[in-house]
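Everything on this sheet refers to the single structure shown next.
Derivation of every value follows stated rules applied to the coordinates shown; laboratory data play no part. Remember, it's a predicted structure, so these values are computed and weren't measured experimentally. Glycine also receives a Cβ, built like all others from the backbone with ideal geometry; neighbour counts cover every protein chain displayed.
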Amino acid sequence: MSSPHPPLFPALAAAPDLPALRFGDRSLTYAELAAAAGSLAKSIGSARRVALWATPTLETAVGVVAALLAGVPVVPLNPKTGERELGHIVTDSAPTVVLAAPGDELPAALGALRRTDITLTGGTDSPAPPHAEPDPQSPALVVYTSGTTGPPKGAVLPRRAIATTLDALEDAWGWTSDDVLVHGLPLFHVHGLILGILGPLRRGGSVRHLGRFSVEGVRHELDHGATMLFGVPTMYHRIAEALPADPALAKALSGARILVSGSAALPVHDHERIAAATGRRVIERYGMTETLMNTSVRADGEPRAGTVGVPLRGVELRLVDEKGAETTDPAEVGEIEVRGPNLFTEYLNRPDATAAAFTADGWFRTGDMAVLDADGYVRIVGRKATDLIKSGGYKIGAGEIENALLEHPGVREAAVTGEPDDDLGERIVAWIVPTDPEQPPTDRELADHVAAQLAPHKRPRTVRHLTELPRNDMGKIMKRSLHA
Ligand code: MCA
Ligand code: AMP
């Protein structure tokens, strides 16, 4: 079947013998990936939407490529998602099939879906992609992301957004088929899955996934041919902490072509410690689930600590004041708005939220506050909503945690805030008024409750007890006075 649109992954057909994916001691060449994903694509071709049990394994990578080849939108699921959150995502996205590695046990919330095992052998028939490349506007992935209140929303990402963002990063980073990426990011978010798996595959290069992040794993892969590292600031913080006692780590990092950080702000202190020990400057890029990548320091540009670089090719970026007018003085703090082919199309089933996210002329409101250096470098200074917490690179809405805490019988009132944390960037703090002050729930009980309902990374790391929450005359909780 011929198609007027170029394929997302030309290397599947063009570079059969080159390595594509490696997870631990299991790997696939492009020909093997084309065969495995191609045959899976045939078996899911009629599905309306598929869910993907996104463990940090080779199967997840094959599953997402198969769905993309089939032109079936795929919803990556965090396998640690708790009952309530998983129930919401499945009801909201209504997949008909769930893709999982053979032997993976799936929770009851997925029981009604047809299960298709992801196998790594493709059978003997044609390894070529079975379907023509779909329309670039058609949905590729639905990725769930937290807001300040309510359950997570599904951002619908079209194929053109993925192609655009990955090609803009090729331009900014000089990313080629010779690059070998190493990372240990989770595979149910944009950073780990789209940049970290689909990125190398679009370039015809390769990726080695660590299964889970470790400083030792990074050192080993950079010592054995890896050229690029992707990580969230927590990972770079752990690298910076390990460097003084680990000269081999410094040597491995100094040999990398490019070290990239994103998902949250990289503290200047960690940036400088890594630069001092390795002679290499970590490059920061700035993105969002809804927009994919917006800006980056360029590989051939000046790596300026504390900035996220300049707008990527094809991305329009401006700062606006509270009234939505473009700031005339770029040195003044304003909200970042972006426009371009890298953007999502909508929040699934949420026309209200979609409409609220865009201006009348199509700019997306990021909620991130920034200033511009005179030469256009973007400096993010904070977020508009204090109720969005970034912990370990994960975006977490205070409201969803408050709702989960309020369901615990030992909690009468609850407020959730983020506090600075050297390792996580921000740590989740729960302020609670116990139902029975004589017998308050333990911190562990509350953390387990949130982990079981929502996800482990949303659990409070600190719990503080109060006799009442500070409220204004309207009864609204005054979060800013909590920390005071
Ligand atoms: C601990 N655990 C629990 C509990 N306590 N499980 C259940 N109940 C509990 N009460 C488990 C955890 O599940 C985990 O299991 C282990 O204990 C340790 O977890 P944790 O303490 O959370 O680990 P951590 O040290 O906090 O993790 C740091 C991290 C992680 C590795 C940096 O935060 C991470 O992977 N962050 C990446 C986030 C990311 O990719 N964001 C991208 C989205 P186990 O050990 O088995 O796992 S942002 C994005 O995509 C945009 C577009 C962008 O710009 O990039
Ligand atoms: P998410 O919705 O999980 O995709 O997270 C997107 C948010 O992460 C953005 O709106 C920013 O607040 C933050 N973010 C991503 N990259 C960076 C970065 N390099 N520096 C500062 N914040 C970042």
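Take the Cα coordinates of the chain, assign each an equal point scatterer, and use the Debye formula without solvent to give log10 I(q)/I(0) at q = 0.07 Å⁻¹. The Cα Debye sum returns log10 ratios of -0.37.
When the P(r) is computed for the stretch 298-341, the part past 11 Å accounts for 71% of the Cα-Cα pairs.
Counting other Cβ atoms within 10 Å, which trypsin sites (Lys or Arg not before Pro) in the stretch 28-61 have at most 15 and lie in a DSSP loop?
Numbers: sites: 42, 48, 49; in loops: 48, 49.
For trypsin sites (Lys or Arg not before Pro) across the stretch 28-61 that sit outside H, G, I, E and B with at most 15 neighbouring Cβ atoms in 10 Å, the list reads 48.
A Cβ-based charge dipole, computed about the Cα centre of the stretch 358-484 with Lys and Arg at +1 and Asp and Glu at -1, lands at about 220 debye.
Dipole magnitude for the chain: about 500 debye, using +1 per Lys or Arg Cβ and -1 per Asp or Glu Cβ, origin at the Cα centre.
Applying D = kT/(6 pi eta Rh) to the stretch 1-147, where Rh is the Kirkwood radius over alpha-carbon pairs, T corresponds to 4 °C and eta to 1.567 mPa s, the Stokes-Einstein value obtained is 83 µm²/s.
Of the GluC sites (Glu not before Pro) found in the stretch 407-443, the ones in coil according to DSSP and having at most 10 other Cβ atoms within 10 Å of their Cβ are 438.
Note down the magnitude of the dipole of the stretch 168-246 about its Cα centre, charges +1 on Lys and Arg C-beta and -1 on Asp and Glu C-beta and zero elsewhere, to the nearest 20 debye. Present the calculation step by step, with values, prior to reporting the outcome.
On the way: 6 positive and 9 negative charges, 53 e Å.
I would put it at about 260 debye.
When the P(r) is computed for the stretch 197-260, the part past 20 Å accounts for 22% of the Cα-Cα pairs.
Annotation: lysines with alpha-carbon distance below 27 angstrom to residue 458 (same-chain offsets under eight excluded): 80, 153, 384, 390, 395, 476, 479. Sum up the charges of everything whose Cβ sits under 13 Å from the Cβ of residue 408, counting Lys and Arg as +1 and Asp and Glu as -1, but leave residue 408 out. With Lys, Arg at +1 and Asp, Glu at -1, the net is -3.
Dividing the summed helix terms, -39500 (n - 2.57) for each DSSP H run of n ≥ 4, by the number of residues in the chain produces a 222 nm estimate of -8000 deg cm²/dmol to the nearest 500.
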